[in-house]
Amino acid sequence: MSTPGTAPTDAELLTRVAAGDRSAFEAFYRRHATWLVLRMRYRCADGALVDDVVQETFLAVWRGTARYREQHGGDVAGWLWRIGSRRLIDSLRGHGARQRLAGLLARRRHADEPSAEEQVLVGVEHGDLAGALARLSPELRAVVQATVLDGLTTAEAAVLLEIPAGTVKTRAMRARRQLRQELS
């Protein structure tokens, strides 16, 4: 138990949160939200998705669907990170990833201006890079397009191309190897 004048421990705050204490929840949120957002942004470049996942994580704590059990050991930050990282993975899977990809592709199709990547490729259209890219198999070229030019993560490219993430990684490695050989 914290002494008067000292900040309550995470475990004490969570006990109060479980009892419905809103001020304890707010204190817990202020203590942990910033580092959780920063750490999640290392895992996912989509800031809006990260913000949603962090909110879902803290809602789970508030609603009691995620319960910290002090007797099981471990620190509260690790427990909170496990909740958040699982929710992030779930958000990147399935329907959520498909919707984000559909939005990205729709924006790309309707853009009046070519992207920076497209402008670079137009600039080297007759150079070595264009020829090397053209000589890639369609499967390898699709992975390069998705991961390099479109900037998708491996997981997002896997959803877009409807292949396993491991296959995306393997094809990207093969494409890099082939491009290196042709451009050297």
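The values are calculated or read from the model by the stated rules, or taken from the named source; none is laboratory data. Everything numeric in this text was worked out from a predicted model, so none of it was measured. Here the Cβ positions follow ideal geometry from the backbone for every residue, glycine too, while neighbour counts run over all protein chains shown.
Annotations for the structure displayed:
- Boolean, V168 is within 21 Å of D46 (Cα to Cα) and at pLDDT 85 or above: yes
- With respect to (1) modelled with pLDDT under 90; (2) over 21 Å from the mean Cα position of the chain (by Cα); (3) loosely packed, with under 14 Cβ neighbours inside 10 Å, the lone exception for S137 is condition (1).
- Residue that is modelled with the lowest pLDDT [pool: residues in region 51-104 that are among the small types (G, A, S) and not in a helix (DSSP H, G or I)]: G73
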